[in-house]
Amino acid sequence: MIYWIKIKAIIFLRYKTDDLAKNIQNFGKSYILSLIKYFYRKENKMTKSIRKDIKIRPETHKDYQDIVSLVLRSFKEGTPYSDGTDVVALIEEIRDSKYYIPELSFVAELENKVVGHFMFSHFPLSPTKEGGHHNNAKTEIIMLAPVAVHADHFKQGIGTAMLTQGINKVKELGYRGITVEGDFNFYNRLGFETSSNYDIYPTSGFPMEEPRCMMCQETYPGSLAEIKGYVVYDMYYNA
């Protein structure tokens, strides 16, 4: 039943109708079946061994200090390239920008304590690797960044649990795709693929030393078919 609800939502977004006969005529039975198989595989793959005790909710002003402390420790203790101050600055920059999506900027909680933070924001692709973005801040593709887990909870499945829930929220809201730059071994398990597979190309240190680090995820089969361009971070000073 849940698969059919998702399929009806996809079809409604494309054709603005929920008429069953017209939907089958437009899409064809084989495509409907492929959607069912797609969601079944995705949900089975992503729900195996995922923690159920992690809850996510949109961030509030009351969370900001906890988020700062969490991010600073997470990057200082978990990465060789940042002490977290630049990441905190980027979070604040996104919040102050026209690309901020409050309902998709989350904290993750375990036993009522904040143990993770991540944000999805509007991200207009550039037509060239030199930059230049469309003036419209509202986009059908969004960026996942930054992502942080509390240093006391590294390698405990919190990142997988919170991002799985967040990705599902993105799909529910009807966005067509998500971009992320990071560890492909981790993000591949969440359904992301190398972005160049979708004609979306990285420019960070172009050409990237490891192009697989720039990834995309469709929210339904074919959702990124008509979207292409370059990922250029020139709208942010701290990116």
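Any read-out appearing in this document is the output of simple, stated calculations on the displayed coordinates, not a laboratory observation. Nothing here was measured: the structure is a model prediction, and the numbers come from that model. Cβ sites come from the backbone with ideal geometry, for glycine too, and all protein chains shown count toward neighbours.
Our analysis of segment 51-231 gives Rg over Rh at 0.94, with the two radii drawn from alpha carbon positions and Rh computed by the Kirkwood formula.
Within segment 95-144, the GluC sites (Glu not before Pro) that combine a DSSP coil assignment with at most 11 other C-beta atoms in a 10 angstrom radius are Glu111, Glu130. Could you tell me the calculated FRET efficiency between Asp53 and Glu172, based on Cβ-Cβ distance and R0 = 22 angstrom, to the nearest 0.05? The value I calculate is 0.50.
With neighbour counts taken as other beta-carbon atoms within 10 Å, the residues Ser69, Ser74, Ser121, Ser49 rank, fewest first, as Ser49, Ser69, Ser121, Ser74. A straight chain from Asp183 to Lys98 at 0.36 nm per residue would run longer than the Cα-Cα distance by 27.9 nm. Of the cross-linked pairs Lys55/Lys113; Lys55/Lys155; Lys129/Lys171, those separated by over 20 Å at the C-alpha level are Lys129/Lys171.
When a/c reaches 1.5 or more, the comparison of a/b and b/c decides; with that in mind, is segment 60-160 rounded, prolate or oblate per its Cα gyration tensor? It is prolate, given that a/c is not under 1.5 and a/b is the larger ratio. Counting neighbouring Cβ atoms within 10 Å and putting the fewest first, the residues Lys55, Lys228 line up as Lys228, Lys55. Amide H to amide H distances under 5 Å link Tyr230 with Ser126, Thr128, Tyr201, where only residues 5 or more positions off or on other chains count and H is placed in the peptide plane. Of Lys76/Lys98; Lys98/Lys138; Lys76/Lys169, which sit over 19 Å apart, Cα to Cα? Pairs exceeding the cut-off: Lys76/Lys98; Lys76/Lys169.
Remark on Lys55: its backbone amide H falls under 5 Å from those of Glu109, a criterion applied only to residues 5 or more positions apart or on other chains, H modelled at 1.01 Å from N. Among the trypsin sites (Lys or Arg not before Pro) within segment 78-131, those in coil by DSSP and having at most 13 neighbouring Cβ atoms inside 10 Å are Lys98. Restriction of the chymotrypsin sites (Phe, Trp or Tyr not before Pro) in segment 140-209 to DSSP coil positions whose beta-carbon has at most 15 other beta-carbons within 10 angstrom yields Phe154.
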